[in-house]
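The values are calculated or read from the model by the stated rules, or taken from the named source; none is laboratory data. Keep in mind that what you see is a predicted model, and the values were worked out from it rather than measured. FYI the Cβ positions are ideal-geometry reconstructions off the backbone, even for glycines, and counts take in every protein chain you see. Remember, those area values only see protein heavy atoms, side chains included, never the ligands or the DNA or RNA. Shrake-Rupley method; radii C 1.70, N 1.55, O 1.52, S 1.80 Å.
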Amino acid sequence: MGLALDIAVTHIRSRLRQTLVGVLGVATGVGFSVMMASLMEGSQRDFVAQLVDSLPHITISDERRTPPVQPASLLYDDVEISNLSTQDRRRGIKNPLAVISELESWAPAKVAPSVRANILLRQAGRDVGAVMLGIDPRREVLVSNIATKMIEGQLDNLLKASNAVILGARLADRLGVRVGNTITISSSGGKTMTATAVGIFRTGVAQVDDSQIYALTRSAQILAGQTGLINELRLKATDALGARELATRIEAETGYKSVSWQEAHEDLLNAFNIRNFIMYAVVGAILLVASFGTYNIISTITHEKTRDIAIMKSLGLRANLVRRIFVIEALIIGLIGMGAGFLLGFLMTKGLGAVEFKSPFGDATRLPVIYEPLHYALAGSIALAASLIAAWLPARKAASVNPVDIIRGAS
Amino acid sequence: MSAPPTPLIEARGVTRVLAGEIDTTLVAGIDLAIGPGEFVAITGPSGSGKSSLMYLLGLLDSPTTGEILVEGRPTARMPEDDKARLRLETLGFVFQFHFLLAEFSALDNVMLPMRALEKLSENEMRARGLDILARLGLKDHAHKRPDQLSGGQRQRVAIARALANNPKVILADEPTGNLDTASTEQVFDIIKTLVGEGGRSVIIVTHDPHLARRASRRLHVVDGRLAPVPED
Ligand SMILES: Nc1ncnc2c1ncn2[C@@H]1O[C@H](COP(=O)(O)OP(=O)(O)OP(=O)(O)O)[C@@H](O)[C@H]1O
Ligand SMILES: [Mg+2]
């Protein structure tokens, strides 16, 4: 090993410029891979964290996954039923308090009841559709962090005025509503109410800030036209990532449709997967290109050193040792490149993390980057493996040089 | 009568044909045996196949037919690595061109075969390398690279390298071919002193009949075959 290493180091030392080019190739590959991964995964995690933070982990609603079976079809099997008026179901979750206390008894989660109603906000002749959540501010803090997202007023202000509402910042902007203003709210059922804005929140999730308003349960029930209505239970699970499994279980136990945040944002998570796939493809391509540089250098060296190889083999150095020389050279270039790439990647990530930016998903002011050892390990080992593979062909060719062919030609 | 000692190198009916558009016969029907302590000079016209014969005797090339034996061991079916091992341990080469590694010092070049053999410690190798270089009058040049040495000095470094693992046989193919008269004398004298050390044999190819005459035995090659040595 010592001899092969010595010869490899000597070769590399006498070709500093070429070596530097190779090292730079690998370093750039590793650096950009690390930076890209940290940015991609950083933004993803940041977004998911915001999502998980500001939305309930599980929403139990009074809907069913399949339409209810109509009594007629139970009575008349295989008969076509037409023009039969369907039996209306009473809206809402039946006996919500019992459901809540049952859930609290076994599920590792906090539960809060609410009323969800689609409404129309009217202000200065403008109509804007929105979703009203009727909540109990004292329970709400168990399941959402809305209380910490208030930029004007407080969540408890809901209790201090009659028909008080709190609006998302973007919605308030659109309507031109400020705290203290009066707005007219009408429900899809035709009920109308005059409400006072007592606060404004900003979660950072554009969709929420743009379309959500909070009110007391009672106000929402009035608008929905059904006293005592609770049509939604929202849960904050102890383990946000286990929400999907928990939701399935809750649905099985209660019979109510339970949607985890993962299910609600399936398309988004799929988009992340596609994004990650693209990222890995690009990272792979970068590192592949970097390994072309290494291949180029090693095959140049083996060409230039054909005579030396012949000499060494004629002296009795084994083919294996000759091969090792060039593999070590690639490994040295790969290792130095990897180290430099780690540094480059870290510095670029740091630089990016310092840049003020507007994230497309919310109003984050800095690019959310992360420092994940796994990214470094991955980029590094791919780069090293690529260097080794790149060296393998020229090294094998070098080792198979027949010394006599070269010596015959040279003397 | 004791049995004659096993030859260090023996060729039995060795023929080497280089395949190509037209097959070239490099050497044909060579039979010879070189015993311990011999100093053999090979002469012959240019292109007669002297170098080709040396490559075969030195296990750098393989006969098309026939067999080369080193210390009695047949080599025709020997794996490449074993032949390399024999070259490393038992045979030492000196070529017309020095073939030193340009990026290494004289000492490092001499130590290269020792390091490949891995029998001595680093310090022992260094000491032995310096010893050999000193013996060849290169004491002060051990740390110079080949391009800082004269032609004669380089050739002496090449001889030192051939001696690195104390081989039983030295094969020198026109080692003085590129040297002036003074250097030729010096290098030839050095080679002559190597003969017989521990039973070592030296085979030298030369164009110069005067040098050839100073060997203990002469072989003459014409058209790839051994021929009677001309009277000169
Ligand atoms: N690679 C080759 N392809 C074809 N013919 C070759 C090749 N190498 C050598 N020969 C031929 O083989 C013959 C023997 O060559 P060799 O080098 O052994 O001769 P030599 O006696 O050493 O000559 P010199 O005294 O000039 O060194 C020559 O006729 C040469 O032309
Ligand atoms: Mg020749």
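Taking K and R as +1 and D and E as -1, what net charge do the other residues with C-beta under 10 Å from the C-beta of A:GLY168 add up to? Kindly include the intermediate steps, with their values, before the conclusion.
On the way: positive: A:LYS149, A:ARG170, A:ARG174, A:ARG202; negative: A:ASP173, A:ASP209, A:ASP210.
After counting each charged neighbour, the total is +1.
Whenever you get a sec, compute what percent of the accessible area on chain A sits on carbon and sulfur atoms (1.4 Å probe). The nonpolar share, carbon plus sulfur, comes to 58 percent. For the residues of B:56-65, the average number of beta carbons from a partner chain within 10 Å of their own beta carbon is 2. Rounded, prolate or oblate: which one fits segment B:122-209, using the alpha carbon gyration tensor with axes a ≥ b ≥ c (rounded when a/c is under 1.5, else prolate when a/b beats b/c, else oblate)? Oblate, because a/c is 1.5 or more while a/b does not exceed b/c.
In the calculated pair-distance distribution of segment B:164-232, the portion above 21 angstrom amounts to 29 percent of the Cα-Cα pairs.
Using a Gaussian network model of chain A with C-alpha springs under 10 Å, which one of A:ASN95, A:ASN163, A:ASN276 is most mobile by mean-square fluctuation? Most flexible of the set in this elastic network: A:ASN95.
Under the rule a/c < 1.5 gives rounded, and otherwise a/b versus b/c splits prolate from oblate, where does the protein assembly as shown land using the Cα gyration tensor?
prolate
What stretch of chain A, leaving out the sites themselves, is the longest with no GluC sites (Glu not before Pro) in a DSSP loop having at most 16 other Cβ atoms within 10 Å?
On the way: sites that count: A:GLU63, A:GLU80.
After excluding every exposed loop site, the longest remaining stretch is A:81-411.
Think of the protein assembly as shown as having a plus end and a minus end, set by charges on the Cβ of Lys, Arg, Asp and Glu; of A:ALA130, A:VAL283, B:ALA142, A:ALA130 sits farthest toward the positive end of this dipole.
The trypsin sites (Lys or Arg not before Pro) of segment B:85-175 meeting both criteria, a DSSP state outside H, G, I, E and B (loop) and at most 14 other C-beta atoms within 10 angstrom of the site's C-beta, are B:LYS119. Between the listed residues A:GLN44, A:THR306, B:PRO7, the Cα displaced farthest toward the positive end of the dipole of the protein assembly as shown, a dipole computed from Cβ unit charges relative to the Cα centre, is found at A:GLN44. Loop-located GluC sites (Glu not before Pro) across segment B:1-95 with a Cβ neighbour count of 13 or fewer within 10 Å are B:GLU21, with loop assigned by DSSP. Shielding value for A:315-324 is 6, the average number of Cβ atoms from other chains within 10 Å of each residue's Cβ.
For chain A, the relative contact order works out to 28 percent when only alpha carbon pairs closer than 8 Å and six or more residues apart are counted. Scanning chain A for trypsin sites (Lys or Arg not before Pro) that sit in a DSSP loop and have at most 15 other Cβ atoms within 10 Å, the longest stretch containing none of them is A:192-357.
In Å² (nearest 100), what accessible area is buried between A and B, both sides summed, heavy protein atoms only, 1.4 Å probe?
Details: alone 21260 and 11410 Å², together 30320 Å².
Result for this pair: about 2300 Å² buried.
Take chain A and mark each of the chymotrypsin sites (Phe, Trp or Tyr not before Pro) that is in a DSSP loop with at most 15 other Cβ atoms within 10 Å; the longest unmarked stretch, sites excluded, is A:77-356. Considering only Cα-Cα distances, which of the following residue pairs are longer than 21 Å: A:LYS313/A:LYS397; A:LYS313/B:LYS83; A:LYS305/B:LYS168; A:LYS313/B:LYS192? Long pairs (Cα-Cα over 21 Å): A:LYS305/B:LYS168; A:LYS313/B:LYS192.
Tell me whether segment B:79-131 comes out rounded, prolate or oblate; compute the Cα gyration tensor, take square roots of the eigenvalues as a ≥ b ≥ c, and use a/c under 1.5 as the rounded threshold. Kindly include the intermediate steps, with their values, before the conclusion.
Values: a/c = 2.07, a/b = 1.14, b/c = 1.81.
Oblate shape, in that a/c is at least 1.5 and b/c is the bigger or equal ratio.
Considering segment A:83-176 at the alpha-carbon level, its Rg and Dmax are found to be 17.1, 53 Å. To the nearest ten degrees, helix B:181-194 and the longest principal axis of the Cα atoms of chain B are 80 degrees apart.
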